[in-house]
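*Asks:* Below: one structure in structure tokens.
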Amino acid sequence: MNAFEYGNGLLHAEGVLVADLAERFGTPLYVYSRAQLQAQLAALAAGYAAVTPLICYSVKTNSNGAVIKTFADIGVGADVVSGGELWRARRAGVPARKIVFAGVGKTAEEIEYALKENIRFFTVESEPELARISDLARRLGTTGRVALRVNPDVDPQTHKYISTGKKENKFGLDLARAGQACETAARLPNLELVGLHMHIGSQILTAVPFREAVEKVAPLCAALKRAHPAFRCLDIGGGIGIQYKPDQHPLDPATVAREIVPQLQALGLEIVLEPGRFLVGNAGLLVARVQYVKDNPFKKFVIVDAAMNDLIRPSLYQAHHEICAVRQVAEQIHGDVVGPVCESGDFLAQDRELPAVRQGDLLAVLSAGAYGFAMSSNYNSRPRAAEVMVSGSEAKLIRRRETWDDLVAQEES
């Protein structure tokens, strides 16, 4: 589905006018569609129905409590990468038994918190991490369940910053070393080796890397299952890509499932999925108001009140986000959409055909639900945007706009 469509020349979010949301809540403004969140989840679950996976939403993509709760209310777990994300997930109602904890640099405090919560398992990235979890679990008189992260050395054919499954990446262990680490885990006190984990990257638009990765880890899974009675799970991560450009074809979960489900069924293991961008990316947009339209001899600059601190993906990844006028206009201009931050890298679009908007008009930056607000900052002492959730004809403020007082609330002079 597409929750953001035009009606009578005006952009809607489900049954609500985006312009009305901007007037009510101000700009910059993140707007999410609950119906689209639910529809994306349903498509993923249907695609993998043959292996009845545990779906753990990747909280890092969009950590707003209302988003997490939308998924928790329909039985989804959480993939977290920090103590703060674990706290957010528990606060939103995700049961600890449905939470998996990933990340290369877990602190002792984070591990202890997760052990006390009794999460499903830790995704372990190194032998020193195994030792730390074992030691902390022994002190607490409990057992830490672990799944070793395997780096299958597969090229996910995506941006280098979001490629995580190649041998040069910092994540996980190569296959040979992972097998050795699993034997270490099985010997350490107060640990239970429950599975393997892999995540090869993000925004992947072909099923081939997923198939190659499963093919590479399947023999190790089979061997570990034979050797260790507690070994029962394969976590295949996330990474399914979405549409950012009009000529881009999103990857259908069913297409990936057709490539890998037969292999997964043959393993006879519990399957865990960790979707993030696929669930939330196209379920959100960022609304900005035009402050000025500036000409120079080469192009036009549409200067808006949203900036790189609100949405850093274009500056960080050279990522493309479609930009449309909230009120449709027939004419176009060629230029950049830029913000007020004092950096040449502060842009939302460069050298693009854009709607011929004027000062005071509204623009919508599409596909902003993933890694949008979650990566925002207060650079240039800019308060962060408000967030709104739309459900049908209703709109609810799910995070108020920050104030100048908020900027200094933690400071002492």
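The values are calculated or read from the model by the stated rules, or taken from the named source; none is laboratory data. These figures come from a predicted structure and were not determined experimentally. A quick note on method: Cβ atoms are made from the backbone with ideal geometry, for glycine too, and the neighbour counts reach across all protein chains shown.
*Asks:* Do we have residue 293 as outside the structural domain of residue 251 (by TED's automatic domain parsing), within 23 Å of residue 27 (Cα to Cα), surrounded by 20 or more Cβ atoms within 10 Å (Cβ to Cβ) and not aromatic (Phe, Trp, Tyr) here?
*Replies:* Against the criterion (outside the structural domain of residue 251 (by TED's automatic domain parsing), within 23 Å of residue 27 (Cα to Cα), surrounded by 20 or more Cβ atoms within 10 Å (Cβ to Cβ) and not aromatic (Phe, Trp, Tyr)), residue 293 does not qualify.
*Asks:* If you don't mind, another one. Name the pairs whose Cβ atoms lie under 6 Å apart, with the first residue in region 179-195 and part of a helix (DSSP H, G or I), the second not aliphatic (A, V, I, L, M), and 6 or more positions between them or separate chains?
*Replies:* 181/127; 186/228
*Asks:* In region 47-60, how many are assigned to a helix (DSSP H, G or I) and surrounded by 17 or more Cβ atoms within 10 Å (Cβ to Cβ)? Working first, answer last.
*Replies:* First, pick out the residues of region 47-60 that are assigned to a helix (DSSP H, G or I): 47, 49-51, 59-60.
Of the ones still in play, those that are also surrounded by 17 or more Cβ atoms within 10 Å (Cβ to Cβ) are 47, 51, 59-60.
Here the count works out to 4.
*Asks:* Which residues, counting only those in region 259-315, are free of Cβ contacts under 8 Å to residues at least 40 places away in the same chain and among the β-branched types (Val, Ile, Thr)?
*Replies:* Matches in region 259-315: 303 only.
*Asks:* Oh, and also: Would you check if residue 320 is closer than 17 Å to residue 4 by Cβ and out of contact with any Cys (no Cβ under 9 Å at 6 or more places or on another chain)? It would help to see each step written out before you state the result.
*Replies:* On the way: closer than 17 Å to residue 4 by Cβ: yes; out of contact with any Cys (no Cβ under 9 Å at 6 or more places or on another chain): yes.
Spelling it out, residue 320 is indeed closer than 17 Å to residue 4 by Cβ and out of contact with any Cys (no Cβ under 9 Å at 6 or more places or on another chain).
*Asks:* Go through 344, 381, 393 for me and flag whichever is closer than 24 Å to residue 283 by Cα and of a type in the set (Ser, Thr, Tyr).
*Replies:* 393
*Asks:* Failed condition for residue 106, given (1) outside the structural domain of residue 399 (by TED's automatic domain parsing); (2) in a strand (DSSP E or B), with all others met?
*Replies:* Residue 106 satisfies every listed condition except (2).
*Asks:* Which pairs have Cβ atoms under 7 Å, sit 6 or more apart or on different chains, and link a residue in region 59-87 that is of a type in the set (Lys, Arg) to one that is in a helix (DSSP H, G or I)?
*Replies:* What qualifies is 60/85; 60/374.
*Asks:* Same structure, new question: Can you pull out the residues in region 1-46 that are of a type in the set (Gly, Ala, Ser) and either outside any helix (DSSP H, G or I) or under 18 Å from residue 289 (Cα atoms) (or both)?
*Replies:* Step one: of region 1-46, the residues of a type in the set (Gly, Ala, Ser) are 3, 7, 9, 13, 15, 19, 22, 26, 33, 35, 39, 42-43, 45-46.
Listed by number, the residues that qualify are 3, 7, 9, 13, 15, 19, 22, 26, 33.
*Asks:* Evaluate the following for residue 28: is it outside the structural domain of residue 240 (by TED's automatic domain parsing), at pLDDT 95 or above and over 14 Å from the mean Cα position of the chain (by Cα)?
*Replies:* Values: outside the structural domain of residue 240 (by TED's automatic domain parsing): yes; at pLDDT 95 or above: yes; over 14 Å from the mean Cα position of the chain (by Cα): yes.
Yes; evaluated as a whole, the condition is true for this residue.
*Asks:* Would you call residue 272 closer than 21 Å to residue 61 by Cα and in a strand (DSSP E or B)? Before you say what the answer is, go through the steps one by one.
*Replies:* Values: closer than 21 Å to residue 61 by Cα: yes; in a strand (DSSP E or B): yes.
Considered against the rule, which asks whether it is closer than 21 Å to residue 61 by Cα and in a strand (DSSP E or B), residue 272 comes out as yes.
*Asks:* In this structure, is residue 193 crowded, with 17+ Cβ neighbours inside 10 Å and closer than 29 Å to residue 131 by Cβ? Write out each step before concluding.
*Replies:* Working: crowded, with 17+ Cβ neighbours inside 10 Å: yes; closer than 29 Å to residue 131 by Cβ: yes.
Yes, satisfied.
*Asks:* Which of the residues belonging to region 94-128 are free of Cβ contacts under 8 Å to residues at least 24 places away in the same chain and either under 15 Å from residue 187 (Cα atoms) or in contact with an Asp or Glu (Cβ under 7 Å, 6 or more places away or on another chain) (or both)?
*Replies:* The one that is free of Cβ contacts under 8 Å to residues at least 24 places away in the same chain and either under 15 Å from residue 187 (Cα atoms) or in contact with an Asp or Glu (Cβ under 7 Å, 6 or more places away or on another chain) (or both): 128.
*Asks:* Among the candidates 234, 148, 251, 205, single out the residue that is farther than 24 Å from residue 41 by Cα, modelled with pLDDT of 90 or more and among the aliphatic types (A, V, I, L, M).
*Replies:* Criteria check complete, one pass: 148.
*Asks:* Find the strands (runs of 3 or more DSSP E) located wholly in region 321-413 whose residues include 3 or more that are surrounded by fewer than 17 Cβ atoms within 10 Å (Cβ to Cβ) and in contact (Cβ under 8 Å) with a residue 40 or more places away in the chain, and list them.
*Replies:* Working: elements: 323-325, 332-338, 347-355, 362-365, 386-391, 394-399.
Output list reads 394-399.
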